[in-house]
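First comes the structure, then the notes that go with it.
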Amino acid sequence: MASIPLRIGDHSYDVLIGPGVRTSLAEVVRRLGAKRAVVVSARPEEWVPDTGVETLLLPARDGEQDKTLTTVEKLCGEFVRFGLTRSDVVVSCGGGTTTDVVGLAAALYHRGVAVVHLPTSLLAQVDAGVGGKTAVNLPAGKNLVGAYWQPSAVLCDTDYLSTLPRRELLNGYGEIARCHFIGAADLRGLPLPDQIAASVSLKARIVEADERDTGIRHILNYGHTLGHALEKASDFALRHGEAVAIGTVYAGRLAGALGRIDEARVAEHQDIVEYYGLPAALPEETAPAALMRLMRHDKKAISGLAFVLDGPTGAELVDDVPHEVVARVLDRMPRAPLADLVDLVDTTDMARS
Ligand code: GLY
């Protein structure tokens, strides 16, 4: 088991990673001094560990459709009916959308009640469940209402991952792959729990330095400018991690075109993404003009087109990248039909295949 500390003054906590770590929940709840717990779970009841205190179990669903203020209101209503107080605890169990919405309900209830996350997807274990960002969507866009609310602990039980479909694992590998370009060592060949621990450790150091995302935390969005555009342009047929992987290859090529990195480093982007079995080409179905339009609206942009790019001193946010370079590099990206890039009907259980 790995225990990664994340230290932000009064909001410090540990992220535990390994098989069976969810059974630490009762000890975490005991240390918090909580008398009651509400567990909001998008997973079967038997996946939820004992809390050691009086518990209300609320079923939830992963997915953007339930990441709304209405869900937050319903959850808080249930907290009231159960008699949850400020010194009790909320527990989330599920993927990143569940940790996001439950985290926000905990941040708002009684102006803040402790929350413990049990992320069950690889994506949530390496990214969404760690770092305190919580949010819900509005009809106008994703994650438009949220708060920074650090959990009291994160239990990344790697046993949860053994039943994930292959594409769901790939979704998380997209975020692990981008760690290679924002300060992680070469993670290839390491056992998955070690790759998760290295990714979480990197994120913890970045969040400690910039909890509120005013500077260095931007580098976690490596590959995300094109990645977000691809998700939208493909109507979410590309999963987040797949889109980020293509965006990572593109970010390498763009950094090369701007003279920030050499050819070997550009090629390394492709090598890493392909190592994880992730797509490295643009889907033929997406029009470059639509991608350019979507990238101009990326929320990182202060003026013009903004990308997190590798360079002589590492990755950094580069604002106002010339339009013609962005378009030329996009035009030169390899292209393939979407169905050749990802297995659109994948239901394979990777652990058993
Ligand atoms: N997912 C990026 C961040 O936590 O800042």
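The values are calculated or read from the model by the stated rules, or taken from the named source; none is laboratory data. The structure displayed is predicted, hence computed values, not measured ones. Ideal geometry is used to build each Cβ from the backbone, glycine not excepted, and the neighbour counts take in all protein chains shown. Heads up: the accessible areas ignore ligands, DNA and RNA and are worked out on the full protein's heavy atoms, side chains in. Shrake-Rupley method; radii C 1.70, N 1.55, O 1.52, S 1.80 Å.
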From Leu75, Leu84, residue being outside any strand (DSSP E or B) and in contact with a strand residue (DSSP E or B) (Cβ under 6 Å, 6 or more places away or on another chain): Leu84
Count - residues of segment 119-146 that are outside any strand (DSSP E or B) and surrounded by fewer than 17 Cβ atoms within 10 Å (Cβ to Cβ): 2
Residue that is surrounded by fewer than 21 Cβ atoms within 10 Å (Cβ to Cβ) and hydrophobic (A, V, I, L, M, F, W, C), where the choices are Ala177, Ala184: Ala184
Unmet criterion (only one of (1) small (Gly, Ala, Ser); (2) open to solvent by 10 Å² or more (accessible area, probe 1.4 Å); (3) more than 13 Å from the ligand (Cβ to nearest atom)) for Ala106: (2)
Conditions (1) more than 16 Å from the ligand (Cβ to nearest atom); (2) modelled with pLDDT of 95 or more; number of the one not met by Tyr222: (1)
Residue selected from segment 147-159 under the condition in a loop (DSSP other than H, G, I, E, B) and open to solvent by 20 Å² or more (accessible area, probe 1.4 Å), by the criterion nearest to the ligand (Cβ to nearest atom): Trp149
Extreme residue, most open to solvent (accessible area, probe 1.4 Å), among residues of segment 267-294 that are part of a loop (DSSP other than H, G, I, E, B) and of a type in the set (Asp, Glu): Glu285
Filter result for Glu168 (in contact with a Gly (Cβ under 9 Å, 6 or more places away or on another chain), at pLDDT below 95 and not in a loop (DSSP other than H, G, I, E, B)): yes
Unique residue being in contact with a Ser or Thr (Cβ under 6 Å, 6 or more places away or on another chain) and not polar (S, T, N, Q) when the list is Arg178, Arg167: Arg178
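Listed here are the residues, each with its yes/no results for (1) modelled with pLDDT under 95; (2) open to solvent by less than 70 Å² (accessible area, probe 1.4 Å); (3) not in a strand (DSSP E or B).
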residue: Arg31; (1), (2), (3): no, no, yes
residue: Ala37; (1), (2), (3): no, yes, no
residue: Pro49; (1), (2), (3): no, yes, yes
residue: Thr55; (1), (2), (3): no, yes, no
residue: Leu58; (1), (2), (3): no, yes, no
Considering residues of segment 7-29 that are open to solvent by less than 20 Å² (accessible area, probe 1.4 Å) and of a type in the set (A, V, I, L, M) only, the residue nearest to Cys156 (Cα to Cα): Ile17
Residues that are under 14 Å from Val273 (Cα atoms) and in contact (Cβ under 8 Å) with a residue 40 or more places away in the chain, drawn from segment 183-199: Arg188
Enumeration of residues in segment 271-285 that are touching a Ser or Thr at 6+ places or on another chain (Cβ under 9 Å) and closer than 25 Å to Thr313 by Cβ: Ile272, Val273
The one condition in (1) polar (S, T, N, Q); (2) buried (at least 24 other Cβ atoms within 10 Å of the Cβ); (3) over 16 Å from the mean Cα position of the chain (by Cα) that Ser162 fails to fulfil: (2)
Total residues in segment 187-210, condition in a loop (DSSP other than H, G, I, E, B) and either within 12 Å of the ligand (Cβ to nearest atom) or in contact with a His (Cβ under 9 Å, 6 or more places away or on another chain) (or both): 3
Filtered residue count, segment 119-146, keeping only those that are under 14 Å from the mean Cα position of the chain (by Cα) and away from the ligand (no atom under 13 Å from the Cβ): 3
Candidates Asp235, Asp213 - the one that is away from the ligand (no atom under 16 Å from the Cβ), within 23 Å of Gly95 (Cβ to Cβ) and either part of a loop (DSSP other than H, G, I, E, B) or within 16 Å of the chain's Cα centre (by Cα) (or both): Asp235
Considering residues of segment 295-323 that are part of a helix (DSSP H, G or I) and open to solvent by 40 Å² or more (accessible area, probe 1.4 Å) only, the residue modelled with the highest pLDDT: His323
